[in-house]
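Engineer: Pasting a structure here, questions to come.
The values are calculated or read from the model by the stated rules, or taken from the named source; none is laboratory data. All values derive from a computational prediction rather than experimental measurement. Cβ placement follows ideal geometry from the backbone for every residue including glycine, while neighbour counts extend to all protein chains displayed. With ligands, DNA and RNA removed, areas are computed over all heavy atoms of the protein, side chains included. Shrake-Rupley method; radii C 1.70, N 1.55, O 1.52, S 1.80 Å.
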Amino acid sequence: MNKTSFVDSSVKMAPVAGSTATVSRDKRETVGDIRVDHPRVRCNNVNVYYGDKHAIHNINLDVGNNEIIALIGPSGCGKTTFLRCLNRMNDTIKGCRVEGEILMEGQNINAREVDVVPLRARVGMVFQKPNPFPKSIFENVAFGPRIHGLAQGKADLEEIVVTSLQKAGLWTEVKDRLEEPGTGLSGGQQQRLCIARTIAVQPEVILMDEPCSALDPIATAKIEELMAELREQYSICIVTHSMQQAARVSQRTAFFHLGDLIEVGETEQIFVAPTHQLTEDYITGRFG
Amino acid sequence: MNTAPTPTPSNAAPRQRKPIEIIHAGLKKRHAAEMRFRLYGLIAISMGILFIGILFTTILGNATTAFQQTRIKLDIVVDAQMLDPDGKRDPEVLSSANYGAIVKASMNRLFPDVTSRRDQRELNELVSQGATYTLREMVMADTDLLGRTVTLWVPADDDVDMLMKGHMDRDAAEENRRLKDNQLAWLDRLEKDGRLEKHFNVDFFTNGDSREPEIAGIWGGVVGTFYTLALTLLFSFPLGVAAAVYLEEFAPHNRWTDLIEVNINNLAAVPSIVFGLLGLAVFINFFGLPRSVPLVGSLVLTLLVLPTIIIASRAALKSVPPSIREAALGVGASPLQTVTLHVLPLALPGMLTGAIIGMAHALGETAPLLMIGMVAFIVDIPKGIFDPAAVLPVQIFLWADSPERAFVEKTSAAIVVLLAFLMVMNALAVILRKRFERRW
Ligand SMILES: Nc1ncnc2c1ncn2[C@@H]1O[C@H](COP(=O)(O)OP(=O)(O)O)[C@@H](O)[C@H]1O
Ligand SMILES: [Mg+2]
């Protein structure tokens, strides 16, 4: 069944010159270091079902402190699905069921009784398509602090908005037009506005689902720069379809394939010396 | 096409024409099809405009004369002796006094040569009953008028009005006319004296219904309509929006909600008279609410427009992009905060449009209101939601049913007023939409 997706798997392919891959394509268990010391998030045996469809199988993975971990893999392999487990956004999808344990500070956030409202304040999310509210720039950033009651008074709220916009690298561009609609900004600015909105509630982890896929290269470069700075305070989990981007921004990389986590490791190792044959196939562009 | 045998492999045979040639060859046909389609569209639209044009011109044509009313100028001696024999100015005495006699006397004074009883009666038929009511109101409001002479333009009888508006043929045989030869002669004399004129018909806009067409007005219907619709909006909009929000944003999707959804769609298609029957059975017979009142009318109309509002509101909610909900949920908004702070404001223009369309529907409804007794003949202007009232469409129905020729133009005029209401409401819908949409 899983053979259908990759080309010529029936034909024995001669290993590419300099190939480091030692694990055969048929092996579905994760290779590499899935664990880190003092993880921010630890996933144990996470399975997701959409109705009867088993979308991701038995994922074990840690997200470390102050690290950027990139999730890569061909489309439909379950990267978004996994990402959305971490802040329970899959709850909003009808018929979606998440099994397994997702630990943050020892607490299983996937337990039914966990309140998702504070969880989503701890684990923020930036979506694939920039989705600012159709309100003013100020209101966009102020929304989170306001509903969570984080600001004491107006001045405090303004301060939060300003620092969030500064951290998101948007302040100089919008400081004179905070009252204008957020939807009137350019695509890249909108995405940075969404990042500002996310960090305004001071999350511990930021999830980013292909945040640059709708952006031009210059806007992409700005966001990547921003991520490098944000890493000092937050852990970032980013899904990307650009291997260059993964290589540029992340410290660790996880490679997914057809719902399985195939290989995890230091980004450099994954891109220079992948262990699994499938990983190598993917990063050398043999499929995907 | 090419008959010359060519030694090409069979599967690549008729490849002589380039794609661009084939496209050009077919182009004419495609353009023709497009032209034809446009033509059909134009025909359909012209037909629509034509029929609307016919409708409006006939109604307006019939209605314009209703905005004028023939009046007779009378010098009325307000005889204190007759109206208030005790001189106590007691309102009870004043209100039951015989004003008719005074009006008749002033008419007779204009025609001293008319002496026989029969002729005098025929003379007095030229003046409307309404003159009596007007005079009574004036005297009741200002008792200083007693003993003085006032000059009044009192409404003429509807037959006179029809004659003045050209709806009666003077040359017809006398027995086929509602006005006799002697009456016509008196009218000619009045007209020569400048005592017979057409004036703007204020009464039509300020009076309630009446059996006498010349003093019948739509104000009762307008007020009744206002109370009924205002209450309907008050009941149906919050209910409809709440139901839509619950079904769309909170309810689990299971067999029950599917059933509810199907039934809401069914309700929207139920004939309106059925709602009238329901209202009669539930609100009047079971709860014992009074008949003919705006409160019951609005309850029935609420049932009628609720499905429309729910369906429109759900559509409006569905059209809010899911990314907005994700954005709000993603920073930790609760589902209720997501809905009230983000989804609802974006859906509001669509909901308002739905509500106003529902209201416009309710504005024109007659059948269910007939069932709950809002078809009664009501002269008084309703003062509240518990007063018997008529609504405009029922008023139109009643007038259209009346035998007097003068009610024909009244009916059209009332239709014009109803249409004006509709246009105002639609304009309101557009303005509200624009205003809310401008907030991006
Ligand atoms: N809402 C959904 N309902 C049903 N199946 C879904 C849904 N979302 C994703 N899937 C399926 O789950 C698998 C993983 O999808 P996704 O996580 O979106 O992949 P990726 O983000 O890696 O492209 C795909 O096969 C997709 O068809
Ligand atoms: Mg995805």
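Engineer: Enter the Cα centre distance for the pair segment B:46-117 and segment B:207-264, rounded to the nearest angstrom.
Structural biologist: That distance is 38 Å.
Engineer: Over chain B, what is the mean sequence separation of C-alpha contacts under 8 Å (at least six apart), divided by residue count, expressed as relative contact order in percent?
Structural biologist: Normalised by residue count, the contact order of chain B is 18 percent.
Engineer: Rounded, prolate or oblate for segment A:49-107? Axes are the square roots of the Cα gyration tensor eigenvalues, ordered a ≥ b ≥ c, and the cut-off for rounded is a/c under 1.5.
Structural biologist: Since a/c reaches 1.5 but b/c is at least a/b, the shape of segment A:49-107 is classed as oblate.
Engineer: Could you work out how far the C-alpha centroid of segment A:22-85 sits from that of segment B:118-168, in angstrom?
Structural biologist: Centre-to-centre (Cα) distance: 94 Å.
Engineer: Going by a 1.4 Å probe on protein heavy atoms, which residues of segment B:294-327 end up with at least 30 Å² less accessible surface in the whole assembly than in their chain alone?
Structural biologist: By number: B:323, B:324, B:326, B:327.
Engineer: Over segment B:219-436, with the other protein chains present, what is the accessible area per residue in square angstrom, probe 1.4 angstrom?
Structural biologist: It amounts to 44 Å² per residue over segment B:219-436.
Engineer: Under unit Cβ charges (Lys, Arg +1; Asp, Glu -1), what dipole magnitude, rounded to 20 debye, does chain B have relative to its Cα centre?
Structural biologist: The dipole magnitude comes to about 2780 debye.
Engineer: When ranked by the protection proxy of mean other Cβ atoms within 10 Å per residue, highest first, what sequence do the peptides B:230-242, B:361-373 form?
Structural biologist: Descending mean neighbour count gives B:361-373, B:230-242.
Engineer: Which of the helices in chain A, when you take each full DSSP H run, stretch at least 20 Å along the axis at their Cα atoms and have an average Kyte-Doolittle score of 0.0 or higher?
Structural biologist: Helices meeting the span and hydropathy rule in chain A: none at all.
Engineer: Using the alpha-carbon centroid of each, what span in Å lies between segment A:195-209 and segment B:349-372?
Structural biologist: Cα centroid to Cα centroid, the span is 47 Å.
Engineer: With the Cα gyration tensor of chain A giving a ≥ b ≥ c as the square roots of its eigenvalues, does the rule (a/c under 1.5 for rounded; else a/b larger than b/c for prolate; else oblate) give rounded, prolate or oblate?
Structural biologist: Judged from the Cα gyration tensor, chain A comes out prolate (a/c at least 1.5, a/b above b/c).
Engineer: Of B:165/B:198; A:135/A:175; B:73/B:198; B:73/B:410, which ones are farther than 19 Å apart at the Cα?
Structural biologist: B:73/B:410
Engineer: What is the percent carbon and sulfur in the accessible area of the protein assembly as shown, measuring with a 1.4 Å probe over the protein chains and ignoring ligands?
Structural biologist: 58 percent
Engineer: So how exposed is residue A:222, as accessible area in Å² (1.4 Å probe, rounded to 10)?
Structural biologist: My reading of the accessible area for residue A:222 is about 90 Å².
Engineer: Related question: Can you tell me the order of A:122-131, B:383-392 when each peptide is scored by its average per-residue count of other Cβ atoms within 10 angstrom, highest first?
Structural biologist: A:122-131, B:383-392
Engineer: Can you bin chain B into rounded, prolate or oblate? Criterion: square roots of the alpha carbon gyration tensor eigenvalues sorted a ≥ b ≥ c, rounded for a/c under 1.5, prolate for a/b above b/c, oblate for the rest.
Structural biologist: Judged from the Cα gyration tensor, chain B comes out oblate (a/c at least 1.5, b/c at or above a/b).
Engineer: Where only protein heavy atoms count, and the probe is 1.4 Å, what is the accessible area per residue for chain A in Å²?
Structural biologist: 44 Å²
Engineer: Provide the solvent-accessible area of residue B:186, counting protein heavy atoms only and rolling a 1.4 Å probe, rounded to the nearest 10 Å².
Structural biologist: 20 Å²
Engineer: Could you state the angle between the C-alpha long axis of helix B:219-245 and the longest principal axis of the C-alpha atoms of chain B, as a value from 0 to 90 degrees rounded to the nearest 10?
Structural biologist: In chain B, helix B:219-245 runs at an angle near 20 degrees to the longest axis.
Engineer: If you don't mind, there's one more thing I want to ask. Once A and B are treated as a pair rather than alone, how much accessible area drops out, both sides summed, in Å² to 100, probe 1.4 Å?
Structural biologist: 1800 Å²
Engineer: While we're here: Could you work out [θ]222 nm for the protein assembly as shown from helices alone, using -39500 (n - 2.57) per DSSP H run of at least four and dividing by all its residues? Round to the nearest 500 deg cm²/dmol.
Structural biologist: -15000 deg cm²/dmol
Engineer: About the Cα centre of the protein assembly as shown, what is the dipole size in debye to 20, counting +1 per Lys and Arg Cβ and -1 per Asp and Glu Cβ, all else neutral?
Structural biologist: I would put it at about 2240 debye.
Engineer: Give the percent of DSSP beta bridges with both residues in the protein assembly as shown that are antiparallel, rounded to the nearest 5.
Structural biologist: That works out to approximately 65 percent antiparallel.
Engineer: So if I take the alpha carbon set of segment B:68-200, get Rg, then get Rh from the Kirkwood formula, what is the Rg over Rh ratio?
Structural biologist: 1.01
Engineer: In addition: Let's test this: bin the Cα-Cα distances of segment B:219-436 at 10 Å from zero up to the farthest pair and state each bin's percent.
Structural biologist: 8, 29, 31, 20, 9, 3, 0, 0
Engineer: Report, in degrees rounded to the nearest 10, the 0 to 90 angle that the Cα long axis of helix B:181-192 makes with the longest principal axis of chain B.
Structural biologist: 80 degrees
Engineer: Once label points are set 7 Å from the Cα along Cα→Cβ at both residue B:426 and residue B:58, what is their separation, rounded to one decimal in nm?
Structural biologist: My value for the distance between the label points is 1.9 nm.
Engineer: Additional query: Can you work out the Karplus-derived ³J(HN,Hα) for every residue in segment B:401-416? Use 6.51 cos²θ - 1.76 cosθ + 1.60 with θ = phi - 60°, whole Hz, and x for glycine or proline.
Structural biologist: With the stated coefficients, segment B:401-416 comes to 8, 7, x, 5, 4, 5, 6, 4, 6, 4, 4, 4, 5, 5, 4, 4 Hz.
Engineer: Which values of log₁₀ I(q)/I(0), to two decimal places, follow from the Debye formula for the protein assembly as shown at q = 0.05, 0.12 Å⁻¹ with a uniform point scatterer at every Cα?
Structural biologist: -0.50, -1.25
Engineer: At 0.36 nm per residue, minus the direct Cα-Cα distance, what do residue B:334 and residue B:151 gain on full extension? Give it in nm, one decimal, please.
Structural biologist: Result: 58.5 nm gained on full extension.
Engineer: Inside 10 Å of the C-beta atoms of B:332-339, what's the mean count of C-beta atoms belonging to other chains?
Structural biologist: 5
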